[in-house]
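One structure is given here, and the rest of the page talks about it.
The values are calculated or read from the model by the stated rules, or taken from the named source; none is laboratory data. Given the structure is predicted, the values throughout are model-derived calculations rather than measurements. With ideal geometry, Cβ positions are generated from the backbone for all residues, glycine too; neighbour counts draw on all protein chains shown.
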């Protein structure tokens, strides 16, 4: 075991984590927001009401009159800036490197990332097309233009940075940090899953369907990604699954309440959160069992094993 144990070789005082989060927040919302700000200023010269319209719905970059694929790239740039900031800061603040934050060994297992991404993508596709056959009237073709190609390319290139940033922060950095407080694996798993869910509390889906309705979904995502992190002793598998999930949603299906508004192939007319939650539970269990077989995890007892250093 390396992932959680490696945190004990670093520096874990609370103030170091607070400074890390403060700096990442500032950098992602200043340097990371610069491209979007520049685009907004350029458009505001001909339409002074642009920023007021964008403030009313920050996820709808159509208010800027931008190409939606270009708008997606602008929305993802703050995550790239945040990831770059973390890579630079984690060594001086916590005496760890990005590689040690990923799995504690200093070697990134890219095969794990690719396999996990493919498995999650296939499960998502099967679930979606079954849903499409069961309720065809709930979906309409949204986009059949060449823009799907550029959307796919931008999603494949940039979304892994967004997903990796969140996985490094929660299943990497914070899971390692919480493990130094209480030396078991359930406490870091639960705490990072709760914080991951709360990070999404301002998503438009929450505003549309309610906090208590949407939080179980985000919490379940956090638990799925956290469980495979513990079982696989690193975050490469969660990075891959998270990337595949977001790429699939960006390219294949969108809804008016989606956090990322993209010219996806399909639009879902009505979203039923509890149906989606049930589908996520089934998909998550199937996903974990498939990875257990592919990666050769012996059993689930490691989830209950104490952390020893």
Is there any pair with a first residue in segment 217-244 that is without any contact (Cβ under 8 Å) to a residue 24 or more places away in the chain and a second that is surrounded by fewer than 24 Cβ atoms within 10 Å (Cβ to Cβ) whose Cβ atoms are under 7 Å apart and which are 6 or more apart or on different chains, and what are they?
-> 218/196; 218/197; 218/200
Looking across segment 121-151 at residues that are closer than 30 Å to residue 82 by Cα and free of Cβ contacts under 8 Å to residues at least 60 places away in the same chain, the single one that is surrounded by the most Cβ atoms within 10 Å (Cβ to Cβ) is 122
Looking at (1) surrounded by 16 or more Cβ atoms within 10 Å (Cβ to Cβ); (2) modelled with pLDDT of 95 or more; (3) closer than 27 Å to residue 272 by Cα, which is the one condition that is false for residue 154?
-> (3)
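Given the criterion buried (at least 18 other Cβ atoms within 10 Å of the Cβ) and modelled with pLDDT under 95, identify the matching residue among 260, 231, 291, 212. Let's see the steps before the verdict.
Numbers: 231 fails: modelled with pLDDT under 95; 291 fails: modelled with pLDDT under 95; 212 fails: buried (at least 18 other Cβ atoms within 10 Å of the Cβ).
None of the others qualify; the one that does is 260.
Quick one: count up the residues across segment 269-295 that are over 19 Å from residue 220 (Cβ atoms) and in contact with a helix residue (DSSP H, G or I) (Cβ under 9 Å, 6 or more places away or on another chain). Please lay out each step first, then the result.
Of the residues in segment 269-295, the ones over 19 Å from residue 220 (Cβ atoms) are 269-270, 293-295.
Applying the additional criterion that residues be in contact with a helix residue (DSSP H, G or I) (Cβ under 9 Å, 6 or more places away or on another chain) yields 269-270, 294-295.
Number of matching residues: 4.
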Consider residue 118 carefully, then state whether it is out of contact with any strand residue (DSSP E or B) (no Cβ under 9 Å at 6 or more places or on another chain) and surrounded by 12 or more Cβ atoms within 10 Å (Cβ to Cβ).
-> yes
Would you check which residues across segment 1-42 are modelled with pLDDT of 90 or more, part of a loop (DSSP other than H, G, I, E, B) and within 20 Å of the chain's Cα centre (by Cα) and list them?
-> 3, 32
Does residue 269 count as touching a strand residue (DSSP E or B) at 6+ places or on another chain (Cβ under 7 Å) and within 27 Å of residue 142 (Cα to Cα)?
-> yes
With the condition kept exactly as written, say whether any residue in segment 84-106 is surrounded by fewer than 19 Cβ atoms within 10 Å (Cβ to Cβ) and in contact with a strand residue (DSSP E or B) (Cβ under 7 Å, 6 or more places away or on another chain).
-> no
Which listed residue is closer than 30 Å to residue 108 by Cα and out of contact with any helix residue (DSSP H, G or I) (no Cβ under 6 Å at 6 or more places or on another chain), from 223, 195 = 195
List pairs: first in segment 281-309 and at positive phi, second surrounded by fewer than 16 Cβ atoms within 10 Å (Cβ to Cβ) and part of a helix (DSSP H, G or I), Cβ under 7 Å, 6+ apart or cross-chain?
-> none
